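Visitor: One structure, pasted below without further comment.
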Amino acid sequence: MNLLDATFLVIGSVVGSGIFMTSGIIAGYLPSPGLLLIVWAVGGLFTLCGALSFAELGAMFPRAGGQYIYIREAYGPWAGFLFGWGFFWFIMCGGIATLAVGFAEFAGYFLPSLSTQAVILKLTLFGLPYTLSAGQLLAAGAIIFLTAVNYLGVKTGVVVQNIFTFLRLGSVAAIVVFGLALGKRAGITNFGQLFSGGEALGPNVFSAFGLALIAVLWTYDGWYAVNCTAEEIKRPERNIPLSLLLGTLSVTLIYLVVNVVYVLALPVEKMKGVVRIGELASTQLFGPVATSAIAAAIMISVFGCLSATILYGPRVYMAMADDRAFFRSMTYIHPRYRVPSKALIGQAVWSCLLCLSGKYQALYEYVVFALVIFFAATGFSVIVLRRKKPDLARPYKVWGYPFIPVLFVLINLAIFGNTIAAQPLKSLIGLAILLIGIPAYLHWQKKGAAAPKE
């Protein structure tokens, strides 16, 4: 991958359905156009702090595996394993299943017989009800198709990823340009209205801003994809930091200008709690005919994001397997296509099973809280490794050290604390799921010690 490929991977891994669906939820917390725009800008700034921290690590360790490598080097094999354990079984494959079913839901708008509402099987398994929809099958089919594309080589996967990123950027550009130039607006008309409504929050403005920021940061998630594929990037010491910088700045700009269109199109009162805010804003700007166009744009965005996610995940499992801390078959590199083909297949099989089980979202919600702890640990590893391995070559050093990594760590710890307070039961269940990884780690350690050296 060259610099453009890597930058498109960063953008493509982030820009999915979130930008078309999250702003209405945020408006429920912050009933002010100005505060809504500020929280998106702050989210972009915090994401940039993470990207700059990951840039130092990626340039220092230009190997497949991303966070798994950094956490292992900073804290030891057990910490890296716990990240990889949660990453494969729940975070990554749960995320893939969620994206795939999201794609099926929007595809069902055009083909109702393939929607998630089109039930094709109902039965009882072990005393529990089970329902299978056509949408679940379509979601599994999308995962299999994109896995096959990525199986044919990283360049093939990158070409498909670049095409869908280009289509997404074109869709967003069309909404912004036509929305600003031709749209029928009902939102703010002057700068004086930017902060109207915010005064109603009173002293609760900071807590409301914090809750809104969590939703924003989830919408920015995925920017670290390029670190997982570092081994397949040309001139990684240059292109990893640059792609992270260019990619996160591009995503921040995209999110800001789209939200400018939203607040021009709609009064903030009409945005509150609306999940499909992109459709509502487009209908206001261009009339009912725009609903189909925006549904198509979201479907393309989700499919492209799914493609990017399928591409980078297997590189983490391969790194774990290389350390004899996961299924050894996942170290296999296809002799012709030069991809971790068995890791791709393993990821596809588990993601499809989660799709068909219908339980993917619950698993993802239980464990996703741990993602911020691993982010905090990764950000802090910049400081740990500077002390632990001061002589290691660092082609890029994070700007504003140590302020930038520390800020990134503190943000993630604050989100973690908020999640624990808001969802204590889910957090405990998620912690228990992660701790199941401890006996698994001990098993692989024992197995690895007994295996002959290669």
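Visitor: Return the residues of segment 33-65 that are more than 17 Å from the chain's Cα centre (by Cα), surrounded by 24 or more Cβ atoms within 10 Å (Cβ to Cβ) and not hydrophobic (A, V, I, L, M, F, W, C); say none if nothing qualifies.
Guide: Residues satisfying the conditions are PRO33, SER53, GLU56, GLY58.
Visitor: Suppose we filter LYS397, LYS342, LYS388 for residues that are free of Cβ contacts under 8 Å to residues at least 24 places away in the same chain and over 16 Å from ASP221 (Cα atoms); which single one remains?
Guide: Of the residues listed, the single one that is free of Cβ contacts under 8 Å to residues at least 24 places away in the same chain and over 16 Å from ASP221 (Cα atoms) is LYS342.
Visitor: Another one. Tell me whether segment 223-233 contains one or more residues that are assigned to a loop (DSSP other than H, G, I, E, B), over 28 Å from CYS93 (Cα atoms) and at pLDDT 90 or above.
Guide: no
Visitor: Within segment 315-360, which residues are among the aromatic types (Phe, Trp, Tyr) and buried (at least 23 other Cβ atoms within 10 Å of the Cβ)?
Guide: Of everything in segment 315-360, those that are among the aromatic types (Phe, Trp, Tyr) and buried (at least 23 other Cβ atoms within 10 Å of the Cβ) turn out to be TYR317, PHE326, TYR360.
Visitor: Select from segment 371-405 the residues that are buried (at least 21 other Cβ atoms within 10 Å of the Cβ) and either touching an Asp or Glu at 6+ places or on another chain (Cβ under 6 Å) or outside any helix (DSSP H, G or I) (or both) and list them in ascending order.
Guide: Within segment 371-405, VAL382, VAL398 qualify.
Visitor: It is to be established whether one or more residues within segment 321-336 are more than 27 Å from TYR70 (Cβ to Cβ) and not β-branched (Val, Ile, Thr).
Guide: yes
Visitor: Does LYS446 satisfy the condition of being modelled with pLDDT under 85, on the phi < 0 side of the Ramachandran plot, part of a loop (DSSP other than H, G, I, E, B) and of a type outside the set (A, V, I, L, M, F, W, C)?
Guide: Answer is no for this residue.
Visitor: Ok, one more. Within the set of pairs 6 or more residues apart or between chains, which connect a residue that is within 11 Å of ALA6 (Cα to Cα) inside segment 232-255 to a residue that is hydroxyl-bearing (Ser, Thr, Tyr) and outside any helix (DSSP H, G or I) with Cβ atoms less than 7 Å apart?
Guide: Close Cβ pairs satisfying both conditions: PRO241/TYR396.
The values are calculated or read from the model by the stated rules, or taken from the named source; none is laboratory data. It should be emphasised that the depicted structure is a prediction, and the values quoted were computed from it without experimental measurement. No Cβ is skipped: glycine too gets one built from the backbone with ideal geometry, and neighbour counts run over all protein chains shown.
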